[in-house]
Amino acid sequence: MPEKNLEALFLHSLKDLYFAEQQIAKAMPAMIGAAESQELRSAFETHARETQEQLRRLEEVFDILGEKPQGVPCEGILGILKEAEGIMKAFAGGEAFEAALIAAAQSIEHYEIARYGTLRAWAKQLGLPDVAEILEESLDEEADTDEILTEIAEEAINQESV
Ligand code: FE
Ligand code: FE
Ligand code: FE
């Protein structure tokens with residue numbers, strides 16, 4: 001019978017997040033292409049580069065655990081990305097298109113923040129402080145991105161969307 005302890009849960013969730021980051025990396029070029037304002041495009045471009053580094057960090061964590069990098073389908077991110085695609089289509093060409101784009105991006109960041117936060121806590125509990133630190137680097141990037149997106153929305157995009 002497979003283990004059902006915290007270590008097994010950590011590994012399962014790591015695989016889930018690895019899959020999620022791969023899906024996000026795939027979705028980012030379309031989001032960059034869809035951004036109309038220079039500020040938003042450059043925020044997305046920066047985060048696309050960070051996402052590649054985050055994938056590398058997850059591979060480093062697998063390596064520390066003696067596991068090979070592997071994903072398991074994350075229904076959460078698939079749903080969030082599907083919703084993002086839908087809202088982008090629905091508001092294409094409209095005044096509020098970029099507001100919709102930012103909202104979609106922030107829902108992705110919030111999912112990631114939840115996951116990295118949980119995995120960091122579990123890594124600490126499992127006596128893996130080095131792993132916790134690696135995960136925290138990515139957690140900080142997700143949180144910074146979320147904040148930057150809020151600023152871009154509140155300082156410009158929301159007013160232009162009316
Ligand atoms: Fe990420
Ligand atoms: Fe998931
Ligand atoms: Fe992110």
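For the chain, find the longest principal axis of its Cα atoms and tell me its angle to the long axis of helix 75-90, 0 to 90°, nearest 10. The angle comes out at about 10 degrees.
The Kirkwood hydrodynamic radius of the stretch 9-101, based on inverse pair distances between different Cα atoms, is 14.5 Å.
Computed from the C-beta positions of ALA30 and GLN70 and an R0 of 35 Å, the FRET efficiency is 0.85 to the nearest 0.05.
Relative to the dominant Cα principal axis of the chain, helix 6-34 is inclined by about 20°. Rounded to the nearest whole Hz, the Karplus-based 3J(HN,Hα) values (6.51 cos²θ - 1.76 cosθ + 1.60, θ = phi - 60°) of the stretch 147-162 follow the sequence 5, 4, 5, 4, 4, 4, 5, 6, 8, 9, 4, 4, 5, 6, 8, 5, with x at glycine and proline.
A simple spin-label model places pseudo-atoms 7 Å from Cα toward Cβ; at ARG49 and GLU83 they are separated by 3.0 nm. In the complete set of protein chains, residue-level accessible area for PHE19 is approximately 40 Å², probe 1.4 angstrom.
A DSSP coil position with no more than 10 other Cβ atoms inside 10 Å describes the following GluC sites (Glu not before Pro) in the stretch 1-67: GLU3.
Kirkwood analysis of the Cα pair distances in the stretch 23-162 returns a hydrodynamic radius of 16.0 Å. For the stretch 53-131, pairs of C-alpha atoms spaced more than 21 angstrom apart make up 45 percent of the total. When the helices of the chain are scored as -39500 (n - 2.57) per DSSP H run of n ≥ 4 and the total is divided over every residue, the value at 222 nm lands at -27500 deg cm²/dmol. Say a paramagnetic label sat at a point 7 Å from the Cα of ASN158, along Cα to Cβ; which residues of the stretch 78-117 have their backbone N under 14 Å from it? Residues 99-100, 102-103 fall inside that zone.
Of SER42, SER138, the order by accessible heavy-atom surface (1.4 Å probe, DNA, RNA and ligands excluded), from most exposed downward, is SER42, SER138. Each principal axis of the Cα cloud of the stretch 88-162 was taken in turn, and the coordinate range along them, longest first, works out to 50, 23, 12 Å.
The values are calculated or read from the model by the stated rules, or taken from the named source; none is laboratory data. The structure displayed is predicted, hence computed values, not measured ones. Using ideal geometry, Cβ is built from the backbone for each residue, glycine included, and neighbour counts are taken over all protein chains shown. Note: accessible area is taken over every heavy atom of the protein model, side chains too, but ligands, DNA and RNA are not part of it. Shrake-Rupley method; radii C 1.70, N 1.55, O 1.52, S 1.80 Å.
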